[in-house]
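Undergrad: I have a structure I would like to understand better, so I am pasting it below and will then ask my questions one at a time.
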Amino acid sequence: MALRIPIKARIARTVGTVQHAAYHDYVRCATPGGLIRLPLISPNVIGVANSRGNRGHQEDFYAFATLSLNPEELRISVKKAHGINWDHTKLGDQFARQAVFIGIYDGHGGSAVSQYLRQELHGLFESVDKTMVPETYAWVKEIGGYFKRHRGGVLAPWINGTENTPELDLEARATEAFFQVDRNLSSDPVAQKCGATASVAILHTLDDPPVPFFAAEQVALTVAHVGDTRVLLCSTNGGKVFPMTENHHADARIESARLRRMMGSGLITDSFGESRWMGALANTRSLGDLQFKKFGVTPEPEVRTKLIQGKEWAYMVLVSDGVSSILSDNEVVDLARLGKNPKDAADRILSFAQDLGGGDNATALVVPLAGWGKIQGPDKTKALREYRFEQSVGSERQRRM
């Protein structure tokens, strides 16, 4: 089943002139007839399902935008991550700069930080530059505690000044943007006790001539992540799942090693048997939660990259923990393969999580790739999902009797 975009209804053509439209709302590609702009909001381009569940308020948010980034930064990133000598000079400035940003944000302690991310993070990601790093580092050191021993991480080349230094790559840009969020929120009393987890995916097409990410032969994917929102790739070979994120919980391997090395022990198990850092937080990386920063809760993202080759990958799914706490990664990607378009795929994920009793805020985003509709092999979790559904329905009937 090939992904079809209803062109007449959903695109604007320009030949020789540029029509007025918000740059961030469209992804662009070149055709013999001129420039085509496809709206990111189309259900065939990015599928979205979002629900507050049984809760009286919504703390889950999301955002997507086309960014205009320094093509030299993109070239450096592709070379560093994938060893590819990408030549942006042949594409023209508009296409050379284009990268699609997709973010999912799960708030806790209130919605203030996750709403801020929805409104501002993609703009911050686009606007930060290396000249901001020294001041950001100085602010980070003022936090004290955990950050007394911070040496800059991936931002180290720029912390003492930026003269004669290289351009940022996407990992450094993401790190600077995430730290800028906390710096901007540091004067807000609400952000002291309120926070959010975040996963951001950057899709950068390498094709010449340029085509959208859902049809491209080569896409450089960069994921920047804090917390327990999840980003999953689904392959066309058997529908195998490839996680691009790892949950930043205090008892996770990477996080427990980081925190023991820098802070000693602060892990407490609550009455439900769940591990909490400082007895309060499930996640040890987040944005906001400023009162906990000196105790090791960092906004520094874990950044992973992958080269998406041709039709090897069918789609990418981003979910909040209102979904991932109910469904396994394999169940998520298997549900998505049943969708007739990305919007329908996202709806199926969210509906099934709710059918199994999920009452938390929940969000699912489905992003098609060149292998959309081409998954080979059986639906591996079908029998398990049917069993779980029957058990859930039976339990609900017993509660009503």
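Here, each number is a calculation from the coordinates, and none is a lab measurement. Just so you know, these numbers come straight off a predicted model, no measurement behind them. Backbone-built Cβ (ideal geometry, glycine too); neighbour counts: all protein chains shown.
Undergrad: Given the rule -39500 (n - 2.57) for each run of at least 4 DSSP H residues, summed and divided by the residues of the chain, what is its mean residue ellipticity at 222 nm, to the nearest 500 deg cm²/dmol?
TA: It comes out at -9000 deg cm²/dmol, rounded to the nearest 500.
Undergrad: Turning to a different aspect of this structure: Tell me the Kirkwood radius of the chain: reciprocal of the mean inverse pair distance over distinct alpha-carbon atoms, in Å. Can you show the working numbers first?
TA: Values: mean 1/r = 0.0455 Å⁻¹.
For the chain, inverting the mean 1/r across all distinct Cα pairs yields 22.0 Å.
Undergrad: Okay, moving on. Which value, in debye to the nearest 20, gives the size of the charge dipole of the chain about its Cα centre, when Lys and Arg are +1 and Asp and Glu are -1 at the Cβ?
TA: Values: 47 positive and 45 negative charges, 117 e Å.
With Lys and Arg at +1 and Asp and Glu at -1, about 560 debye.
Undergrad: Taking 21 Å as the cut-off for C-alpha to C-alpha distance, list the pairs among 79/374; 240/340; 240/380; 193/294; 90/374 that go past it.
TA: Long pairs (Cα-Cα over 21 Å): 79/374; 90/374.
Undergrad: Something else about it: How much of the DSSP bridge set in the chain is antiparallel, in percent, rounded to the nearest 5?
TA: About 95 percent, rounded to the nearest 5.
Undergrad: What is the set of long-range amide H partners of residue 53 at a cut-off below 5 Å, with H atoms built 1.01 Å from backbone N?
TA: HN-HN under 5 Å from residue 53: 362.
Undergrad: Within the range 112-134, name every residue whose backbone N is under 12 Å away from a label modeled 7 Å from Cα of residue 58 along the Cβ vector.
TA: Flagged as within label range: 115.
Undergrad: Full extension from residue 393 to residue 127: what is 0.36 nm times the residue separation minus their Cα-Cα distance, to one decimal in nm?
TA: Numbers: separation 266, 0.36 × 266 = 95.76 nm, distance 4.95 nm.
Stretched out fully, the residue 393 to residue 127 stretch lengthens by 90.8 nm.
Undergrad: In whole Hz and in residue order, list the ³J(HN,Hα) couplings for the range 75-92 that follow from phi through the Karplus curve 6.51 cos²θ - 1.76 cosθ + 1.60, θ = phi - 60°; x for Gly and Pro.
TA: Once θ is set to phi - 60°, the couplings for the range 75-92 become 4, 4, 5, 5, 5, 5, 7, 10, x, 9, 8, 7, 9, 7, 5, 7, 8, x Hz.
Undergrad: Given a 10 angstrom Cα cut-off, can you work out which residue in 145, 373, 92 is the most mobile in a GNM of the chain?
TA: The residue with the greatest mean-square fluctuation here is 92.
Undergrad: Based on the alpha-carbon set only, what is the convex hull volume of the range 276-394 divided per residue, in Å³?
TA: Considering the Cα atoms of the range 276-394, their hull volume per residue is 130 Å³.
Undergrad: May I ask you to evaluate 6.51 cos²θ - 1.76 cosθ + 1.60, the Karplus curve with θ = phi - 60°, for each residue of the range 51-57 and list the ³J(HN,Hα) values in order in whole Hz, giving x for glycine and proline?
TA: In residue order, the calculated couplings are 9, 8, x, 8, 7, x, 9 Hz.
Undergrad: Could you list the square roots of 5 times each eigenvalue of the Cα gyration tensor of the range 26-140, that is, the equivalent ellipsoid semi-axes, sorted largest first and rounded to whole Å?
TA: Whole-Å semi-axes of the equivalent ellipsoid: 30, 23, 11.
Undergrad: Would you mind pulling out the separation of the Cα centroids of the range 364-386 and the range 299-357, in Å?
TA: So the two Cα centres are separated by 9 Å.
Undergrad: What ranking do 120, 171 get, fewest neighbouring Cβ atoms within 10 angstrom at the top?
TA: 120, 171
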